[in-house]
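All remarks here apply to the structure that follows.
The values are calculated or read from the model by the stated rules, or taken from the named source; none is laboratory data. Predicted model, so just to flag it, every value in this text is computed and none were measured. Note that each Cβ is placed from the backbone with ideal geometry, even for glycine, and that neighbours are counted across all protein chains shown. For accessibility, only protein heavy atoms count, side chains too; no ligands or nucleic acids. Shrake-Rupley method; radii C 1.70, N 1.55, O 1.52, S 1.80 Å.
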Amino acid sequence: MIRFFAAPIAATALLLAGAGNASAAGMIDFTGTSSTGYLGSGASPVPRSTVMYPTNYAPGTVIVNTTERRLYLVLQNGQALRYGIGVGRDGFRWGGVHRITAKKEWPDWTPPSQMLARRPDLPRHMKGGIENPLGARAMYLGSTLYRIHGSNEPETIGQAVSSGCFRMTNDDVSDLYGRVSVGTTVVVLNN
């Protein structure tokens, strides 16, 4: 009787171990949460959810709350989609109202001169892709150096680690990217 159950249990264990290795290597997402079709999103430590969010801002407005480390997309009926984000570390947080002026899928990354002065070890340019720190999508904010973008480090979501940009998991940034357009108002609250 033990042998009868041992084979299916061993097969299941091998399948799960293989799935974990494939997911960890960025090969495939077995979580069932990715609807974007790209590889290696990583699970967010702060799950996306619909919440009550009474506000005077119009539906479609993006509100970034740097204190909460959350981004809200205002919906109808006093609700919003809430996403976890990574924000600027001490000295790099900011506030204001801007608009999304460009959107890019798998964007290239060219660190600004200010960042290169602080971190001369960074590459001068990096093509878009899974290893790129901007992740799967980027939305550029006005004439600033800042973006709402994906990340190849999903474990940083909910932390203050960036140089002023707002990081999201690749799955979350792809979801937001599909819901907003160029011209969308972005309100950054830095209390």
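What's the total number of residues in the stretch 79-97 that are open to solvent by less than 60 Å² (accessible area, probe 1.4 Å) and within 19 Å of Leu134 (Cβ to Cβ)? Number of matching residues: 8. If you go through the stretch 169-191 and keep only what is open to solvent by 30 Å² or more (accessible area, probe 1.4 Å) and in contact with a Phe, Trp or Tyr (Cβ under 7 Å, 6 or more places away or on another chain), you end up with just Asn190. Residue count for the stretch 27-78 satisfying the condition of being at pLDDT 95 or above, under 15 Å from Leu176 (Cα atoms) and open to solvent by 30 Å² or more (accessible area, probe 1.4 Å): 7.
Under the condition of being out of contact with any helix residue (DSSP H, G or I) (no Cβ under 8 Å at 6 or more places or on another chain) and open to solvent by 10 Å² or more (accessible area, probe 1.4 Å), the residues counted in the stretch 124-151 number 14.
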